[in-house]
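The structure appears right after this line, and notes come after that.
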Amino acid sequence: MPNNSERLTLNAELSPKVIFGPIHSRRFGKSLGVDLSPGKKQCNFDCLYCELDPAKTMDAYDDVVSVEEVTTALKLALKEHDDIDFITLTANGEPTLYPYLSELIDEINAFKGTTKTLILSNAAKIDDPKIQEALLKLDEVKLSLDCATQKCLRKLDRSHTGIDIENIKAGMLDFKSKYNGPLVIEILIVKNLNDSEEEIAKLNEYLLKLQPIRIDIGTIDRPPAFDVKPLSYEDLHHIAHLFDPSLPVYIASRKKVESKPSSYSDEEILQTLSKRPLSPEDIVILFDDESQKRLERLIKEDKINSIETNGVKFYKKA
Ligand code: SF4
């Protein structure tokens, strides 16, 4: 499931179809992407914000690459790049619809060495025991959860018939109870579709039960096929504050910043960070230069701590 924040770019010189990258990111280091549906979009959602052209939803791939094709291309790419930190399973669509997912992960695990594996999934099949069994073999799992209600799921993610948000939520809880690796949740927020206080309150209630290692909230970064609108950074910041302060919410989209950095006194910095930890990227947007210097001093005075959740740093009041 390619998404706005982590879409990998195709390097045609490597493997023509199945392998993307490598790309560099602060979070994942150097990563290679594996596209399990290189031929066309195959997805059980048809999200309004999808960067791919709209397509009829499906519950099984009808265009399938073989495990051998994927592993051959991946081995070749790993040979060419011997310093890959992450192998990311994704698709032009939804990677958990790939019929040989479990078998493929076994094969990759047999030769990947210390390179870590990650999947980006829309979570629609997380209640399926076979999918859970496959995902349990990965080093890291990132699942999308744009909505807490069926109405929102149908409207925004335009899910395939039979997909039920309550089954997704129950499946995630079940998976989390068995999984030892980091489970990250991604929420893509679209103006007037899933940004209401009611929808966020329901997501918050559920995420307090799930307790993922991190919640990335983002918005549309590139023009989608449909006329749906992104949120500004300030809107996302407001939404982050609607979640319980104990939840590690990270604002992953920072393209549409409308306001200028402001001046914060010591007291205001401490008060702000006591309500919600902020990432260094948030600090740069919100705090002017003087306030950033004040923050540095408060860190030295041990009035502010930094914590790290799964590779992302946050500052919080000590
Ligand atoms: S889950 Fe949504 S965004 Fe991802 S590929 Fe499917 S339709 Fe596109």
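The values are calculated or read from the model by the stated rules, or taken from the named source; none is laboratory data. Quantities reported herein were computed from a predicted structural model and do not represent experimental measurements. Using ideal geometry, Cβ is built from the backbone for each residue, glycine included, and neighbour counts are taken over all protein chains shown.
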Checklist entry - Mind checking which residues of region 79-110 are within 16 Å of the ligand (Cβ to nearest atom), among the small types (Gly, Ala, Ser) and under 11 Å from LEU138 (Cβ atoms)? => result none
Checklist entry - Of all residues in region 192-238, which are among the basic types (Lys, Arg) and touching a helix residue (DSSP H, G or I) at 6+ places or on another chain (Cβ under 8 Å)? => result LYS209
Checklist entry - When region 52-62 is examined, which residues are found to be under 19 Å from VAL18 (Cβ atoms) and among the acidic types (Asp, Glu)? => result ASP62
Checklist entry - Among the strands (runs of 3 or more DSSP E) confined wholly to region 166-260, which include 2 or more residues that are within 21 Å of THR149 (Cα to Cα)? => result 183-188, 214-218
Next on the checklist: Under 6 Å between Cβ atoms, which residue pairs at least 6 apart in sequence (or on different chains) link something in region 85-100 that is among the aliphatic types (A, V, I, L, M) with a partner that is part of a loop (DSSP other than H, G, I, E, B) and more than 16 Å from the ligand (Cβ to nearest atom)?
Outcome noted: ILE87/THR115
Checklist entry - under 15 Å from VAL18 (Cβ atoms), more than 16 Å from the ligand (Cβ to nearest atom) and in a loop (DSSP other than H, G, I, E, B), is that true of VAL65? => result yes
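With respect to ASP106, is the statement that it is of a type in the set (Asp, Glu) and farther than 28 Å from VAL70 by Cα true? First the steps, then the outcome.
Numbers: of a type in the set (Asp, Glu): yes; farther than 28 Å from VAL70 by Cα: no.
So ASP106 does not fit the description; no.
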Next on the checklist: I'm checking my understanding of the structure. Among residues of region 16-35 that are away from the ligand (no atom under 16 Å from the Cβ) and within 27 Å of ASP59 (Cα to Cα), which one is modelled with the lowest pLDDT?
Outcome noted: PRO16
Checklist entry - Going by the structure shown, is SER37 closer than 28 Å to ILE215 by Cα, surrounded by 15 or more Cβ atoms within 10 Å (Cβ to Cβ) and polar (S, T, N, Q)? => result yes
Checklist entry - Within the set of pairs 6+ apart or on separate chains, which have a first residue in region 120-131 that is in contact (Cβ under 8 Å) with a residue 12 or more places away in the chain and within 13 Å of the ligand (Cβ to nearest atom), a second that is in a loop (DSSP other than H, G, I, E, B) and among the aromatic types (Phe, Trp, Tyr), and C-beta atoms under 6 Å apart? => result ASN122/PHE45
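Residue by residue through region 198-226, note down the ones that are among the small types (Gly, Ala, Ser) and over 19 Å from VAL184 (Cβ atoms).
The initial filter retains those residues of region 198-226 that are among the small types (Gly, Ala, Ser), namely 201, 218, 225.
Result: ALA201, ALA225.
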Next on the checklist: I'd like to check something: does region 36-51 contain any residue that is modelled with pLDDT of 95 or more, over 21 Å from LYS255 (Cβ atoms), away from the ligand (no atom under 11 Å from the Cβ) and aliphatic (A, V, I, L, M)?
Outcome noted: yes
Next on the checklist: Could you list, ordered by first residue, the pairs with Cβ atoms under 8 Å in which the first is in region 186-210 and hydroxyl-bearing (Ser, Thr, Tyr) and the second is not in a loop (DSSP other than H, G, I, E, B), at least 6 apart or interchain?
Outcome noted: TYR206/LYS169
